[in-house]
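Report on the structure given below.
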Amino acid sequence: MPGLTNSCRRRGGLEAMSKYGRLIKNVGAFTVSNVAIKLITFLLVPFYTYYLSAAEFGITDMLNTVTALVLPIVTGSIADAVLRYAIDDRSRANQFIRFGFLVTGASCILVALLLPLLDLDFFGGLGAYKGWFIAAYATMAIHNYLSIVARGLDKLRTMMAASILSSLANIGTAVVAIAVLHLGVVGFFLSWVLGNTAGCLWYLLVGGLRHQCFGKFILSRNLLSLFAYSLPLVPNALFWWVSQSINRFFITGFIGIGASGLFAAASRIPGILNMVASIFQQAWNLSAFQEYRKKGRDVFFSTVFKVYQCGMAITTILLICSSKWIATLLFQKDFFRAWTLVPILLVAFYFSALNTFYGSVYTASMKTKYLFVTTVVGALVCVAGTWILLKLIGLPGAGIATALGNAVVWLMRLLDSRRFVTIDASRTVIVITIVLLLVSSFSICMDQAPYKLVAYGCLLAVVAVQVWQVWDILVHLLRRGRGDS
C-alpha cells in the first residue's frame, strides 16, 4: 500500500514540522517581548554605573535579589501551576487564572507585613526604602503574573506590546529621575514601579486580561489542587535562589555592599546569556507541555537540546573572549575592575542553562519533586563553596562556587531525567566544551597576548565540535527547505 504509506509519511512529516514550527514561532514572539525589557536593562548598565556609586548600585541589585527570593515563597509559585493547568484544561482556564490572581494579590499584603525584616544588616541598607520596596514588589508580582497568563492564553502580541511599553516607561523614568533630578536609588525604584505599572495597565485594559482575572469563581478542590503542582516548586525556587544569589549576602557581610555592587555589575554581562536562555526557555516550556504526551517526544527533546546547547556554548565562549571589550563599554569609573569576574560567571550561567533545560522534563511530566532535591544539593554546594572560597580568594570565589553548584544540579538532572525522557546528546562533546570554556576563562583573565591566543583557539574548537554535533540536523533542515524527501 505505497499510497497509504506515503500519506502517513507526509502526515508524520507535517506533524513534526508543526511542532518545531510552533516552537520557532514562540521563540520569535518571546524574543520580541523579552528583548524589549532585558536588552534595555542591559543597556542601562553604563548609565547606572556612571550616575550611581558602587554602594547605591549594590542596593538596586539587592532589590532584584530579595524580590526574586520573596516572590515564589509568598505566592506559592501559583503562576507556574496556572500556566500548566490552563494549557491542559482550557474550559476551566478562567477559574485557574482568577484563583492565581487572588493569591498574587494576597502575597502583596503578606510582604507588607514582613517589611521590618529589611532592617537587618545583611540587606545592605534596603530597609531605608520600605515604602518603595513594597510598591516595587507589588507592581512586579502582578506584571509577572499577567505575563504568564498571557503566555498560557497564547496572547503573544499582547505580551510584546506590554513589554515594549513597560520598557519605554522604565528607561524614560530612569533617565529623568536619575540623570536630571538626581534622585539616585529612589529614581531607580520609581522607574521600576512605573515601568511595571504601565505593563500591568496594558495587559488589563488593552489586552483584555481583566475579563480573565476579575469575575466570579468558586473555590473548590480542583483549584486547591494547583498547589499540589506548585508547592514543590517553592523550595525548588528558594534553593535555586540560594544557589544563584546567596553570594550577594556573603559578599556584603564579608567585604561590604560596595563589593556586592561590583559583583552585580560583573553579572550583567552573563545576563546576556541568561537573557537568551530565558527567552528560549519560556517558548520551550510551552512546547514541552504540549508535546510531552505525544509520540516521538524523545526525538523532539533530543533535537531541541542539541541545537539549544550548541547556541549556549558558542554564545558563552564568544562572550568570554570579548568580556573585557564589553566591560569597557558598560562599566564606568571604578566598576571596570569587575571585568575579571565575568568569565567564570559566564561558565556558571552555561551550567545554569543546561540544568534549566533538563528541569523542563520534570515540569512537563508534572513530577516536580526531584527538582527540589537537585536544587537543594546545588544550593548547599554553592553556600559551602562561597563561604570557603570567598575567604580564600575574594570575589572570584563567589563566581567559582556558583559554577560548581550549577554543575552539580545539571549532572544530577542529566542522570535522573532518563526515567521520563531520553535525551540523546553527545556527552563527549559537552565535556570537551566545558574544558574549553574553563581554559578560555583562565586564559582571558591573564590579559596577556599568549594567553589570549589560547582563548581564541578554544573559541574555534568549541565552534567546531558544536557544529559537528548538530551537522545532521542542519543538513536535514536544508533539505526540507529545498523540498527534498
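The values are calculated or read from the model by the stated rules, or taken from the named source; none is laboratory data. These figures come from a predicted structure and were not determined experimentally. Every residue, glycine among them, receives a Cβ derived from its backbone with ideal geometry; neighbour counts consider all protein chains shown. SASA here: full protein model, heavy atoms, side chains in, ligands and nucleic acids out. Shrake-Rupley method; radii C 1.70, N 1.55, O 1.52, S 1.80 Å.
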key: Normalised contact order of the stretch 81-225, rounded percent, pairs of Cα under 8 Å and 6 or more residues apart   = 28 percent
task = Averaging sequence separations of C-alpha pairs under 8 Å and six or more residues apart, then dividing by the length of the stretch 172-238, give the relative contact order as a whole percent.
result = 18 percent
note = With no solvent term and unit scatterers on the alpha-carbon positions of the stretch 261-332, Debye gives log₁₀ I(q)/I(0) at q = 0.17, 0.19, 0.21 Å⁻¹ of -0.72, -0.82, -0.91
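Enter the accessible area per residue of the stretch 334-485 (Å², integer; probe 1.4 Å; all protein chains in place). Walk me through the intermediate numbers first.
Details: 7120 Å² over 152 residues.
I get 47 Å² per residue for this part.
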Between the stretch 38-102 and the stretch 318-388, the Cα center-to-center distance that results, in Å = 18 Å
inquiry  = My understanding is that a pair violates if its Cα-Cα distance is over 27 Å; which of 324/391; 294/369; 155/306 do that in this structure?
reply    = 155/306
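Which whole-number value in Å² is the accessible area per residue of the stretch 67-142, probe 1.4 Å?
Details: 3080 Å² over 76 residues.
Per-residue value: 41 Å².
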key: Carbon/sulfur fraction of accessible area - the stretch 274-433, other protein chains in place, 1.4 Å, %   = 67 percent
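Using a Förster distance of 25 Å, how high is the FRET efficiency between residue 468 and residue 439, based on the Cβ-Cβ distance and rounded to 0.05?
Efficiency at R0 = 25 Å is approximately 0.85.
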